[in-house]
Amino acid sequence: MAAFSSWFRALLLLLVLAAPVRAAQPDAPKHTVATRPLPPDAGPAPQQRRPDAARLRELRGQREFQYVEPATRAEQSAWSLFWARVWQTVLDWLNSRSYSHFWRWVFYALFLGAGVFVVLKLLQIDFTALLGRSPRRAPLAYDTAAENIHEVDFATRLAEAEEAGNWRLAVRLGYLQLLKTMSDRGLINWQPDKTNHAYLTELPPTGSIKGDFREITRQFEFVWYGELALSGPLYERVRAGQRAFQTLVSSPARRAA
């Protein structure tokens, strides 16, 4: 082992001695650029030319040449900041993956349903009837299609409707009673196929009778055709207006006219 170690050191020494020795080379001289001085300027001295004052004012007045930092916006109120954050949250949510993969189709379905609902309303289609249900209507005391205001006992019918709590029918009976009174006084020409607004055109334009009857007609149509749900106190207000109009058209002055 000692012989091998001696032999290895001798081999290493020979390799070191055999390596070429590279002499240090001096740095290469730097190339210098020959410069030549410029000749003196023998031309005339430049003359300063000032811009036209009117043109300068014109340029200053143009927006493109007004290099002014924009004024900082006034501090927003807490309410404005709240809605700004709300809309920013909504925009972030609309750009999220959950909206593009699921909620977008939910909103499409909601918009489609809303559009169908609006179309059904515009066409006056009963939406509850399409679902197999019909609205409950209060039973009527008689057939309104065959009624004749000159044959109805309004006092008895009104008492029956009010006792049963059928406020819609009571409002209708009160309105028909007014038509009978105006027909008896010669204010209108009652016909079964006439509309309520046709009677309005027959009333005299002067005085308050036409305006009062227009308001009573509006209330009646809301209650009867619009199926407005009436409470006891609300019915009393409508009925009080009908009684006041009944007194107006039944007054002696009106009879004399």
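The values are calculated or read from the model by the stated rules, or taken from the named source; none is laboratory data. Model, not experiment: these values are computed from the prediction. Every residue, glycine as well, gets a Cβ built from its backbone with ideal geometry; the counts of neighbours run over all protein chains shown. Areas reflect the complete protein model, heavy atoms only, side chains present, ligands, DNA and RNA absent. Shrake-Rupley method; radii C 1.70, N 1.55, O 1.52, S 1.80 Å.
With a 10 Å radius around each residue's Cβ, average the other Cβ atoms per peptide and rank 44-55, 78-89, 160-171, highest first.
160-171, 78-89, 44-55
Which value, in Å² and to the nearest 10, is the accessible area of HIS150 when all protein chains are kept and the probe is 1.4 Å?
We get 90 Å² for HIS150.
Return the distance in nm (one decimal) between the two label points of a simple spin-label model at TYR67 and PHE154, each offset 7 Å from Cα along Cα→Cβ.
Label-label distance for TYR67 and PHE154, simple model: 8.9 nm.
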